[in-house]
Amino acid sequence: MKNRFVAFAAALIFAAFTFGITACSELFEEKDVYPQMESLVVADGSPVVSPDQDDKTVTVSDEKVLSAEINEEGKLVITPLKPGSAEVSFFDSKNNTYVTYEFKVTSKGRLVQSSEPKYVKFYSITIQESENGSVSATPVQAVEGSTVTLTARADEGYQFGTYTVTSGGKAVAVSDNTFTMPAGNVTVTATFVPREFTVSISAMTHGSVEADKTSAHAGDTVTLTARADDGYQFGTYTVTSGENPVTVSANTFTMPAGNVTVTATFVDKYYAVGDVLLNDGSIIYYENVADMTAEQKENAVGVLYALDENGNPRGWLGVYNSIKKGTGCWLAWAKAKTTGESTKFTKIICTPSTNGVGAASTATFTGDTDGSDNWADICSNDRTGSENAEENYPGFHYVNTYAETFNLTGVYADGWYMPSIAELSYIYRNKDAVNEVITALGGTTLRDQSYLSSSQSKTTDSVWHINLDNGSLSKEGKWINPLICCVRKFTEGN
């Protein structure tokens, strides 16, 4: 009897898992064998799952009616316990399917399948690796018609862009971070884009600041422009992101991964020796010279060389001095045996209060201290000779062609002149500071040698020289060839 029972049950279960068990198929003879029922290996002894499947859990809806397990060989073993109905369910990982059977144990010990088996297919959800962020799905696999929720996590400085979900090459609609699982495996990809952060300008007094961007991505360069009210000049920028300071260099900063606030201070207008004049008329203040860009250095035309007793700028020293087309510039005030040498130009006489070594440090001056109109006076007194300045007044010719030689254009194409002995003395007093800036700009520094002034002395054939090594002031023949530098007046708006 036992052998007949086992053989019949095995054949029936095999049919159930291969084609679905026919309703009310019998596993026992009608005679009452309860409660002596024994465990049965169903499906004709064939495995119902792969033997190497890790999870062989079987769920029974009513464990008082029957028990079930999948053994190490992947075979389903059912043990009837008492009359009643129960569902037996397990997961077939090979086919990614959840299988459910409903059995009934009759009062006479008969095991009956109450309905066709139910197969619930699970489809996989594959997450493609994303740049600058990651995506997860809940659940990680799903049945057709179920809702899948996606969660995007952007890296610092980025924000979520778009999802793309496909199944079998067809797009699956995503709405509010969810999609409905189709009857097929799906692939999920996501894009992450640089996050935009805001650039806010705080209210400030005595001036205003503009940024070239109102929002920017982390890593972008933001350029600031400060405009001071009349009587004030820009002081400093302060840029913060949360509680963190952001470094500003040469009026620019790199956008951090966060919103920023910009403010600036404006102070009473003042100038300092070493301020730099650019060819667009703007000024880089001495304290900011170290932060000048390569382009700004290229566009530098002058360095503020001195202030008067009231703190007002005296003028700009040209960045290129004592040089002409890459050669040394040793040129005479006037050529020997010319009208220029034998003429006393009385209107441009300037006399120091003392001379000799060190005099330039303390001397005061009488007469014509402003060299800006000295060439004009020479021209009015020697019209013929001045028409050929290159021959007769080589030093002045160099100054007159300074802008052309060094490709200075616009408002800076003229206005350069040979300084008076007073102006050269002011330059001497600040030589080290001026040379420091000229070096930073890549210009030609002042040398510790003799320089020519445009100032006539009281002696007809001599003019004033200065030695920038020891501050010596001396009268020398107009035909002597010292070095030359060029200056221009300081005016508001330059």
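Charging the Cβ of each Asp and Glu at -1 and of each Lys and Arg at +1, and nothing else, the dipole of the chain about its Cα centre rounds to 360 debye. Report summary: the helix-based calculation at 222 nm, which adds -39500 (n - 2.57) for every DSSP H run with n ≥ 4 and divides by the residues of the chain, gives -4000 deg cm²/dmol.
Can you tally the net charge around D377? Count Lys and Arg as +1, Asp and Glu as -1, for every other residue whose Cβ sits under 13 Å from the Cβ of D377. Taking every other residue near D377 into account, the sum is -1. Note on the stretch 204-269: the C-alpha convex hull projects to 4.2 nm² when averaged across all orientations. Simple rule: put +1 on each Lys or Arg Cβ and -1 on each Asp or Glu Cβ in the chain, find the dipole, and look at A433, L76, A334; the Cα lying farthest toward the positive end is A334.
Sorted on the mean count of surrounding Cβ atoms within 10 Å across their residues, most packed first, peptides 333-344, 149-160 read 333-344, 149-160. Between the alpha-carbon centres of the stretch 162-216 and the stretch 356-420 there is a gap of 64 Å. Pairs exceeding a 30 Å alpha-carbon distance, out of K75/K108; K297/K335; K75/K104; K64/K121; K431/K458; K269/K431: K297/K335. Note on exposure: W316, W479, W375 ranked by accessible area (1.4 Å probe, complete protein assembly) read W479, W375, W316, with the most exposed listed first. At q = 0.14, 0.15, 0.17, 0.18 Å⁻¹, what base-10 log of I(q)/I(0) does the Debye formula yield for the stretch 260-404 when every alpha carbon is treated as an equal point scatterer in vacuo? Reported log10 I(q)/I(0), two decimals: -0.93, -1.03, -1.20, -1.26. The dipole here belongs to the stretch 102-150: it is taken about the Cα centre, uses +1 on the Cβ of Lys and Arg and -1 on the Cβ of Asp and Glu, and is about 620 debye. Helix 431-441 axis versus longest C-alpha principal axis of the chain: approximately 40°, rounded to the nearest ten. Which of V135, G356, P245 sits farthest toward the positive end of the charge dipole of the chain, with +1 on the Cβ of Lys and Arg and -1 on the Cβ of Asp and Glu? The Cα lying farthest towards the positive end belongs to G356.
Magnitude of the charge dipole for the stretch 195-242, about its Cα centre and with charges confined to Cβ atoms of Lys, Arg (+1) and Asp, Glu (-1), is about 140 debye.
In plain terms, if you count all Cα to Cα distances in the chain and split them into 20 Å steps from zero, the share in each step is 18, 25, 15, 12, 12, 11, 6, 0 percent. Shape summary of the stretch 357-494, radius of gyration then Dmax from alpha carbon positions: 14.9, 42 Å. Taking a straight line from the alpha carbon of K213, these aspartates and glutamates sit under 13 Å away, with near neighbours fewer than eight places off in the same chain left out: E196.
Take each peptide in 189-199, 47-57, 452-462, count the other Cβ atoms within 10 Å of every residue, and average; sorted highest first, the result is 452-462, 189-199, 47-57.
The values are calculated or read from the model by the stated rules, or taken from the named source; none is laboratory data. It should be emphasised that the depicted structure is a prediction, and the values quoted were computed from it without experimental measurement. Quick reminder, even Gly has a Cβ in these numbers, built from the backbone with ideal geometry, and neighbours come from all protein chains shown. Surface accessibility is based on the protein's heavy atoms, side chains included, excluding ligands, DNA and RNA. Shrake-Rupley method; radii C 1.70, N 1.55, O 1.52, S 1.80 Å.
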